[in-house]
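The structure appears right after this line, and notes come after that.
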Amino acid sequence: MPPNNPPTLDREALLDRVGGDVEFLQEIAGLFLEDCPKLLTAIQTAVSDGDARKLEYAAHTLKGSIANFGADAAREAAFRLEAMGRAGDLKPASDAYLTLEQEVQRFTLELCALSDELGRG
């Protein structure tokens with residue numbers, strides 16, 4: 001990857017985190033990939049509706065899910081939205097959502113590639 005677009009996933013750390021259990025990693029990756037779009041939709045809806053409480057909850061849930069994989073940029077983007085919801089300040093939330101969406105997309109592409117790679121191995 002180019003230096004301005006570093007990997008979002010530390011593969012070795014992630015494998016260490018699951019004790020090298022490839023099947024478990026693929027299972028939790030599958031669950032994440034199933035739930036993630038629903039959480040992104042909930043966040044986007046909360047931002048559109050100006051619902052700070054729902055934004056805080058959905059962003060917190062997504063942040064926790066992302067943290068399981070150690071994807072720091074995506075986790076940080078979700079945390080920023082969670083904090084906006086907690087503070088009730090949704091003015092910057094639309095831009096923050098776009099950042100979250102980009103970081104989650106980068107992360108999920110790497111997660112899918114890793115899962116596919118491990119499945120062949």
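The values are calculated or read from the model by the stated rules, or taken from the named source; none is laboratory data. Keep in mind that this is a model prediction, so the values were computed, not measured. Positions of Cβ are backbone-derived with ideal geometry, glycine not excepted, and every protein chain shown enters the neighbour counts.
Search the stretch 81-121 for residues being among the small types (Gly, Ala, Ser) and assigned to a loop (DSSP other than H, G, I, E, B), and hand back the single one that is surrounded by the fewest Cβ atoms within 10 Å (Cβ to Cβ). I'd like the intermediate steps shown before the answer.
Going residue by residue through the stretch 81-121, those that are among the small types (Gly, Ala, Ser) are 83, 85, 87-88, 93-94, 96, 113, 115, 119, 121.
Now restrict to residues that are assigned to a loop (DSSP other than H, G, I, E, B): 88, 121.
On the way: Gly88: 11, Gly121: 6.
So the residue we want is Gly121.
Looking only at the stretch 26-53, residues that are of a type in the set (A, V, I, L, M, F, W, C) and not in a helix (DSSP H, G or I) come to 0 in all.
Okay, residues lined up against (1) of a type in the set (Asp, Glu); (2) under 16 Å from the mean Cα position of the chain (by Cα):
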residue	(1), (2)
Val47	no, no
Asn68	no, yes
Glu82	yes, yes
Ala96	no, yes
Leu118	no, no
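Restricting to the stretch 70-106, name every residue that is in contact with a Phe, Trp or Tyr (Cβ under 7 Å, 6 or more places away or on another chain) and in contact (Cβ under 8 Å) with a residue 60 or more places away in the chain. If you could, list the steps in order and put the result at the bottom.
Here is the first cut: in the stretch 70-106, the ones in contact with a Phe, Trp or Tyr (Cβ under 7 Å, 6 or more places away or on another chain) are 71, 74, 81.
Matches in the stretch 70-106: Ala71, Ala74.
Looking at Asn68, Asn4, which is the one that is closer than 18 Å to Val104 by Cβ, of a type outside the set (Ser, Thr, Tyr) and at pLDDT below 95? Working first, answer last.
On the way: Asn4 fails: closer than 18 Å to Val104 by Cβ.
Every option except Asn68 fails the conditions.
Considering Glu56, Glu23, Glu76, the condition of being assigned to a helix (DSSP H, G or I), surrounded by fewer than 14 Cβ atoms within 10 Å (Cβ to Cβ) and out of contact with any Pro (no Cβ under 9 Å at 6 or more places or on another chain) is satisfied by Glu23 alone.
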